[in-house]
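Participant: One structure, as structure tokens, below. Some questions next.
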Amino acid sequence: MHDHIDHQHDHQDHGHSHDHGHSHDHHDHDHDHRHEPFDWAGFVGRNRKLWLILLGLVLLWRTFYTVRETEFVLITRFGAPVRTTTEAGLHFKGFWESASYFDNRLRVYNPTRSEFLTRDKKNLVIESYVLWKISDPVTFVQTVGDPDAAEMRLHDIAWAGLAAEMGRHDLEDLIAPTPEEVQSREMLDRLTETTGAKALEQYGIDVVDVRIKRLNLPEQNKQSVYARMRAERERIARQYRAEGEEQALQIRAEADRRKEEILSAAYREAEETKGAGDAEAARIYGNAYSGNQQFYQLTRTLETYRKALDADTTVILSADSELLKLLTEGR
């Protein structure tokens, strides 16, 4: 029995020793696996076709490029411009070349408002805008490079040109009561031409238009300018009223003259008509008298009675009066 117990003890010790050795071997195996270097050559060799396909796709992507209707592409080789593509569609380039895309549409630049001095020493605060686009991509890239830098250059050119134009014109050339007196359109057309020529030559930028959005007076000058404007308008109003009064007098004099002419002509025509009527009446009376003088005399006498006598009339006649004889004798 004692031997049996010892045998079990030895067996357990042997088992314990065997497990410990196995655990130690597993630990060493894991340690060796983590420090083993990756076999890149073997990986590439096993996936050679995949790498060739990927390389071909990259080269294909680097070789072709597309151009939209609203842009142009500048091709550079190691940083040096080679050519410019403006036609829309799919195009080819070397994989060692680079493509830079630029928008060819019109851009609007709004400079900050600035104060300018006119030829007659009037200060004006002007807000303007510039319409521009990239015309020469090579010059544009070599001189400015991007739209923000281009607008900084445009600001300098447009400001200098506007200041020069303001110095050649009086305030009345820009602000006038009638459109015919305003010269701002001609001034801005000339400014667009000069600004565009400089921008195109120096930076490859095409300036399409330069215009004024708002023209104002400095706050410290507004009241005095408004007072002068009111005085000028009052002077013009007085002049208009004086001219109106003068024209009214002329119109009234002409009307009075025409009235006198019309009245004179009417009076002359009336007198002529009246004379003709009297002559015709006399003729008729003469014919009637010569035809039957007694009847004519009776008729005229009765007409005289009708006009001269009424119920309240008292007449005193002499005994040999013709009127009394007609009343008493009937002849």
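The values are calculated or read from the model by the stated rules, or taken from the named source; none is laboratory data. Every value quoted in this text rests on a predicted model; they were computed, and no experiment measured them. Ideal geometry is used to build each Cβ from the backbone, glycine not excepted, and the neighbour counts take in all protein chains shown. All accessible areas refer to the heavy atoms of the entire protein, side chains included, with ligands and DNA or RNA removed. Shrake-Rupley method; radii C 1.70, N 1.55, O 1.52, S 1.80 Å.
Participant: Among the residues that make up the range 297-316, is at least one of them open to solvent by 100 Å² or more (accessible area, probe 1.4 Å) and of a type in the set (Phe, Trp, Tyr)?
Facilitator: No.
Participant: Looking only at the range 164-188, count how many residues are in contact with a strand residue (DSSP E or B) (Cβ under 9 Å, 6 or more places away or on another chain) and surrounded by fewer than 14 Cβ atoms within 10 Å (Cβ to Cβ).
Facilitator: Going through the range 164-188 one residue at a time, the tally reaches 1.
Participant: Any idea which of (1) under 21 Å from the mean Cα position of the chain (by Cα); (2) of a type in the set (Gly, Ala, Ser); (3) surrounded by 17 or more Cβ atoms within 10 Å (Cβ to Cβ) is the one Ala150 doesn't satisfy?
Facilitator: In the conditions (1) under 21 Å from the mean Cα position of the chain (by Cα); (2) of a type in the set (Gly, Ala, Ser); (3) surrounded by 17 or more Cβ atoms within 10 Å (Cβ to Cβ), Ala150 misses (1) alone.
Participant: Let me ask something additional. Would you mention how many residues in the range 220-265 are among the β-branched types (Val, Ile, Thr) and touching a residue at least 24 places away in the same chain (Cβ under 8 Å)?
Facilitator: Adding up the residues that qualify gives 1.
Participant: Does Ala199 satisfy the condition of being within 27 Å of Thr86 (Cα to Cα) and outside any strand (DSSP E or B)?
Facilitator: Details: within 27 Å of Thr86 (Cα to Cα): yes; outside any strand (DSSP E or B): yes.
Yes.
Participant: Quick one: is Ile157 among the β-branched types (Val, Ile, Thr) and closer than 27 Å to Ile134 by Cβ?
Facilitator: Values: among the β-branched types (Val, Ile, Thr): yes; closer than 27 Å to Ile134 by Cβ: yes.
When the stated conditions are applied, Ile157 passes them.
Participant: A further question follows. Do we have Phe92 as among the hydrophobic types (A, V, I, L, M, F, W, C) and surrounded by 13 or more Cβ atoms within 10 Å (Cβ to Cβ) here? Break it down stepwise before answering.
Facilitator: Details: among the hydrophobic types (A, V, I, L, M, F, W, C): yes; surrounded by 13 or more Cβ atoms within 10 Å (Cβ to Cβ): no.
So Phe92 fails the test.
Participant: Another question, then. Taking the criterion of being open to solvent by less than 60 Å² (accessible area, probe 1.4 Å), hydrophobic (A, V, I, L, M, F, W, C) and without any contact (Cβ under 8 Å) to a residue 60 or more places away in the chain, would at least one residue in the range 202-214 satisfy it?
Facilitator: Taking the range 202-214 first, the residues open to solvent by less than 60 Å² (accessible area, probe 1.4 Å) are 203-207, 209-212.
Narrowing further to those that are hydrophobic (A, V, I, L, M, F, W, C): 205, 207, 210, 212.
Remaining after also requiring without any contact (Cβ under 8 Å) to a residue 60 or more places away in the chain: none.
No - not one qualifying residue is present in the range 202-214.
Participant: Would you say Ala319 is at pLDDT below 90 and part of a loop (DSSP other than H, G, I, E, B)? Steps first, please.
Facilitator: Values: at pLDDT below 90: yes; part of a loop (DSSP other than H, G, I, E, B): yes.
Yes: the conditions hold for Ala319.
Participant: Select from the range 164-184 the residues that are modelled with pLDDT under 85 and assigned to a helix (DSSP H, G or I) and write down the one among them that is nearest to Val130 (Cα to Cα).
Facilitator: Ser184
Participant: Out of Tyr285, Tyr226, Tyr289, report the one residue that is aromatic (Phe, Trp, Tyr), open to solvent by 70 Å² or more (accessible area, probe 1.4 Å), closer than 30 Å to Gln183 by Cα and at pLDDT below 85.
Facilitator: Numbers: Tyr285 fails: closer than 30 Å to Gln183 by Cα; Tyr289 fails: closer than 30 Å to Gln183 by Cα.
The unique qualifying residue is Tyr226.
Participant: Can I ask one more? Is at least one residue of the range 245-254 closer than 30 Å to Glu172 by Cβ, open to solvent by 60 Å² or more (accessible area, probe 1.4 Å), of a type outside the set (S, T, N, Q) and at pLDDT 90 or above? First the steps, then the outcome.
Facilitator: First pass over the range 245-254, keeping only residues closer than 30 Å to Glu172 by Cβ: 245-247.
Adding the requirement that they be open to solvent by 60 Å² or more (accessible area, probe 1.4 Å) leaves 245-247.
Then drop every residue that is not of a type outside the set (S, T, N, Q), which leaves 245-246.
Keeping just the survivors that are at pLDDT 90 or above gives 245-246.
Within the range 245-254 (the criterion being closer than 30 Å to Glu172 by Cβ, open to solvent by 60 Å² or more (accessible area, probe 1.4 Å), of a type outside the set (S, T, N, Q) and at pLDDT 90 or above), the answer is yes, since at least one residue qualifies.
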